[in-house]
Amino acid sequence: MFLDDKTILITGGTGSFERKFVEIALRRHNPRQLIVFSRDELKQSEMSSQYADPRLRFFVGDVRDPGRLRRAFEASVDLVVHAAALKQV
């Protein structure tokens, strides 16, 4: 499968789409590593408890911060799912 044995970085990783993507990727595929990149430490902690999967790695950062984004890519990322969104009301 396309996601099998890949290191995947998902930006905005704690949103509703992203959480569903993580769930499906872990259940139906076999990624080498799935890196959840987001600003929300609380939601990352909740996801860590919910999935408790050794393939998951959590990385606190903002897509507007090039340094943090570069650090996230140090894991030899094969695929990026860019789902981060800036919302203004």
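The values are calculated or read from the model by the stated rules, or taken from the named source; none is laboratory data. A quick note: this is a predicted structure, and the numbers were derived from the prediction, not measured. Virtual Cβ from ideal backbone geometry, glycine too; neighbours counted across all protein chains shown. Accessible surface areas use protein heavy atoms only, side chains included; no ligands, DNA or RNA. Shrake-Rupley method; radii C 1.70, N 1.55, O 1.52, S 1.80 Å.
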* Structure fact -> Note, region 11-24: 3J(HN,Hα) by Karplus (6.51, -1.76, 1.60, θ = phi - 60°), whole Hz, Gly/Pro = x, goes 7, x, x, 10, x, 5, 4, 5, 4, 5, 4, 4, 4, 5
* **Nearest-20 debye value, the chain charge dipole, Cβ charges on Lys, Arg, Asp, Glu** => 100
* Asked: To the nearest 10 degrees, how steeply does helix 41-51 sit against the main Cα axis of the chain, on a 0 to 90 scale?
  -> 10
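Of the heavy-atom accessible surface of the chain (probe 1.4 angstrom), what whole percent is carbon and sulfur? Don't jump to the answer; show the numbers that get you there.
Working: 2840 of 5580 Å².
Roughly 51 percent, rounded to a whole number.
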* **LEU56 long-range amide H proximity, modeled H, under 5 Å** => LEU34
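Please state the equivalent ellipsoid semi-axes for region 24-74: what are the square roots of 5 times the Cα gyration tensor eigenvalues, largest first, in whole Å?
Values: eigenvalues 85, 39, 12 Å².
Square roots of five times the eigenvalues give 21, 14, 8 Å.
Summing +1 for each Lys or Arg and -1 for each Asp or Glu, what net charge is found among the other residues whose Cβ lies under 10 Å from the Cβ of SER38? Can you show the working numbers first?
Values: positive: ARG39, LYS43; negative: GLU18, ASP40, GLU41, ASP62.
Charge balance in the 10 Å sphere: -2.
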